[in-house]
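Report on one structure; see the data block that follows.
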Amino acid sequence: MSVSTPHASCDEPLLARETPIQRRRLRAAWLFLTPMLLCLALVAAWPLLRTFWFSLTDANLADTRGATFVGFSNYLFYNGSGWSGILVDPQWWNAVRNTLHFTMVSVGLEIVLGLLVALLLNIKFTGRSLVRALILIPWAIPTIVSAKIWSWMLNDQFGIINHLMLSLGLIDMPLAWTADASLSMWAVIIVDVWKTVPFVTLLMLAALQMLPSDCYEAARVDGIHPLHVFWRVTLPLLMPALLVAAIFRILDSLRVFDVIYVLTSNSSSTMSMSVYARQHLVEFQDVGYGSAASTLLFLVVAVIALLYLYLGRRQLEVRS
Amino acid sequence: MSPRLLKKALLRLGFWCLIGILLLYAVFPFYYAIVTSLKPSSTLFEVSYWIDRPDFSNYAAVLHQPSFLKAIGNSLVVALCVVTLALFLSLTAAYALGRVKFRGRGTVLMMVLGVSMFPQVAVLSGLFEVIRALGLYNTSWALILSYTIFTLPFTVWVLTTFMGQLPHELEEAAIMDGASPWVTLTRVLLPLLWPALVTTGLLAFIAAWNEFLFALTFTLTDTQRTVPVAIALISGGSPHELPWGLLMAASVLVTVPLVILVLIFQRRIVSGLTAGALKG
């Protein structure tokens with residue numbers, strides 16, 4: 001289930017040996033792949049290599065061709081009296097901390113809430129498919145729009161959230177959700193969780209429907225408590241799907257940009273690694289330094305992705 | 001009432017309460033955006049949970065802004081072109097990856113999966129250079145080209161999964177009749193793939209319609225903006241007084257088509273998303 005690559009139905013007995021037909025098919029296969037591979041090379045592989053290269057230069061956004069090689073000084077540089085570069089920039093480490101904080105809290109909440117909602121919607125009831133369709137609405141709303149809607153709802157003076165909490169007596173004073181440094185990260189997390197719980201729910205629902213029903217019948221016949229069944233049967237069986245969902249969400253959260261940019265713009269209390277990199281690249285026009293930040297973010301994501309692929313492979317081998 | 005019946009009734013009540021809370025949580029923010037968008041600016045700052053008399057002045061104001069209409073047009077063009085391009089490129093690729101066993105197949109699939117995990121900002125400076133070198137800066141083509149980086153991996157992956165599930169007898173028959181791979185793909189397999197194409201096309205459309213970082217970076221003038229950037233840049237007299245009514249009207253206008261699409265194609269979208277993640 002995790003990284004089992006889509007399998008080709010190519011066990012055709014007809015083409016078991018190297019025949020002219022098969023040779024023609026192989027040629028056609030590579031021909032058919034070429035446009036897609038060229039496109040990905042143009043928009044992904046080459047730009048990525050250029051970003052790596054820019055991170056070793058003093059390139060400027062106005063003219064990237066006039067860049068000169070400066071080694072690793074964008075990363076770390078000793079200028080005679082002290083260290084400079086991104087690796088000693090407190091702003092960068094602040095962005096790293098913010099991104100990790102955001103990722104851990106929001107992915108944790110999304111997984112738990114997504115699982116609970118999926119368990120709820122796995123129960124058969126009238127109107128279930130309507131409810132399932134309606135909970136997809138947050139997923140379909142563009143991130144920018146949901147960030148705007150929530151920043152209106154979280155508005156310190158006129159927002160409905162403050163109004164509601166004041167009238168329920170939960171708070172005495174309106175809260176400045178997006179401006180207060182101690183609250184703004186929570187505002188970002190609230191919006192992100194709201195938007196992505198439907199996705200996790202869908203994955204969990206699909207996984208729940210693939211569970212074997214005979215264990216449950218056996219458990220019911222034996223009179224085992226439902227909570228016990230959940231911990232001992234459902235949760236272990238759901239683990240692979242939970243891991244897939246968690247990895248997808250972790251990789252997405254590490255590169256978070258839109259919601260933070262719109263909700264709190266460049267405020268340092270929520271700045272993520274992507275926001276930091278783009279600020280240096282575009283606003284400060286410092287392509288060399290910004291590319292160094294992008295490269296570091298890429299490395300973090302790549303390590304996690306490779307770990308996931310490696311573990312997925314291992315899991316696959318164990319199973320087969 | 002016997003204790004057992006009482007317990008059952010309470011359980012049912014609790015269940016429906018949970019469903020109610022869930023629906024409120026999922027739908028309320030969008031509902032509240034609609035409520036706000038239908039208020040005249042005089043009552044905007046009084047919190048209310050429903051509308052007595054809808055006032056359409058915010059919508060009239062938004063629709064009279066030429067730059068907003070232009071942004072909707074740009075978004076439509078970009079999203080439709082991205083869908084066409086991504087579906088064409090991934091359909092041929094998915095035939096190769098889903099129907100033919102060849103050396104390097106696993107590597108290609110892993111590469112495609114790897115690209116889908118890229119942080120977008122990691123290619124930003126390199127892509128900026130490519131776009132400027134091709135003379136596409138501040139045009140819709142810049143976005144159409146760059147959006148393939150996140151649509152292609154996904155469409156290739158999902159279509160390969162669907163392609164692999166088709167029975168191979170059909171293809172064998174076509175080969176026996178001497179059909180070339182191109183004819184096999186377009187005449188034999190394509191008619192069976194329409195549902196999968198609709199699903200992946202829809203998901204690619206939504207992703208392209210919602211994209212923000214590239215659109216913000218690769219376009220400069222109001223005439224080239226897409227909807228998310230146009231909405232993010234709506235501002236009032238000062239940074240602290242945004243025209244909330246106008247903003248919510250614009251938000252509702254660009255979201256309603258998506259919500260309708262999602263409600264109509266719910267089943268397809270779910271199958272596409274889960275095929276991309278779980279079976280993939």
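Every number here is computed from the coordinates shown, using simple stated rules; none is lab data. Treat the numbers as computed from the prediction; the structure is a model and nothing was measured. Using ideal geometry, Cβ is built from the backbone for each residue, glycine included, and neighbour counts are taken over all protein chains shown.
Values as computed for the structure displayed
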{"quantity": "Computed E for B:Leu220/A:Leu168 - FRET, C-beta separation, R0 51 angstrom, nearest 0.05", "calculated": "0.65"}
{"quantity": "Quotient of Cα Rg and 2.2 N^0.38 Å for region A:67-116, N being how many residues it contains", "calculated": "1.84"}
{"quantity": "Ranked by how many other beta carbons lie within 10 Å on average, peptides B:47-57, B:124-134, B:183-193 from highest", "calculated": "B:124-134, B:183-193, B:47-57"}
{"quantity": "Ordering of A:126-135, A:262-271, A:91-100, A:144-153 by packing [mean C-beta count within 10 Å, highest first]", "calculated": "A:144-153, A:262-271, A:91-100, A:126-135"}
{"quantity": "Peptide B:87-96, shielding by other chains (average Cβ, 10 Å cutoff)", "calculated": "5"}
{"quantity": "Nearby aspartates and glutamates by direct alpha-carbon distance to A:Lys148 (threshold 12 angstrom, same-chain neighbours under 8 apart not counted)", "calculated": "A:Asp258"}
{"quantity": "Computed E for B:His64/B:Ile34 - FRET, C-beta separation, R0 25 angstrom, nearest 0.05", "calculated": "0.80"}
{"quantity": "Along each principal axis, Cα extent of region B:3-55, largest first, Å", "calculated": "55, 18, 15"}
{"quantity": "Gain in span if fully extended, A:Ile123 to A:Asp58, counting 0.36 nm per residue against the direct Cα distance", "calculated": "17.5 nm"}
{"quantity": "Cα-based helix-to-principal-axis angle, B:244-264 vs chain B, degrees rounded to 10", "calculated": "40"}
{"quantity": "Cα gyration tensor shape for region B:134-270, rounded if a/c is under 1.5, else prolate or oblate", "calculated": "prolate"}
{"quantity": "Global form of chain A, assessed from the alpha-carbon gyration tensor, a/c cut-off 1.5", "calculated": "oblate"}
{"quantity": "Likely footprinting exposure, A:Leu309, A:Leu296, fewest C-beta neighbours within 10 Å first", "calculated": "A:Leu309, A:Leu296"}
{"quantity": "Computed label-point distance, nm, for sites B:Glu172 and A:Phe72 using a 7 Å Cα→Cβ extension", "calculated": "5.9"}
{"quantity": "Cα-based Rg / Dmax (Å) for the protein assembly as shown", "calculated": "25.7, 86"}
{"quantity": "For chain B: rounded, prolate or oblate by the Cα gyration tensor [a/c cutoff 1.5]", "calculated": "oblate"}
{"quantity": "Computed over region A:122-253, Kirkwood Rh from alpha-carbon pairs, angstrom", "calculated": "17.9"}
{"quantity": "21 Å Cα-Cα reach of A:Lys124 towards lysines, excluding residues that sit fewer than 8 places from it in its own chain", "calculated": "B:Lys7, B:Lys8"}
{"quantity": "Computed [θ] at 222 nm, helices only, for the protein assembly as shown once each DSSP H run of length n ≥ 4 contributes -39500 (n - 2.57)", "calculated": "-21500 deg cm²/dmol"}
{"quantity": "Label-zone membership for region B:1-42, site B:Phe56, 7 angstrom Cα→C-beta point, backbone N under 12 Å", "calculated": "none"}
{"quantity": "Sequence-distant aspartates and glutamates (8 or more away, or on other chains) whose Cα lies within less than 19 Å of B:Lys70", "calculated": "B:Glu211, B:Asp222"}
{"quantity": "Two-site FRET efficiency, B:Gln266 against A:Arg232, from Cβ-Cβ distance with R₀ of 45 Å, rounded to 0.05", "calculated": "0.85"}
{"quantity": "Selected from A:Asp222, A:Asp180, A:Asp63 as most flexible by GNM, with chain A as the system and alpha-carbon contacts under 10 Å", "calculated": "A:Asp222"}
{"quantity": "Cβ neighbours within 10 Å from other chains - mean over B:99-112", "calculated": "5"}
{"quantity": "Rough spin-label spacing in nm, given labels placed 7 Å along Cα→Cβ, for A:Asp222 and A:Gln157", "calculated": "6.4"}
{"quantity": "5 angstrom amide H check on A:Thr57, placed H, neighbours 5+ away", "calculated": "A:Val70"}
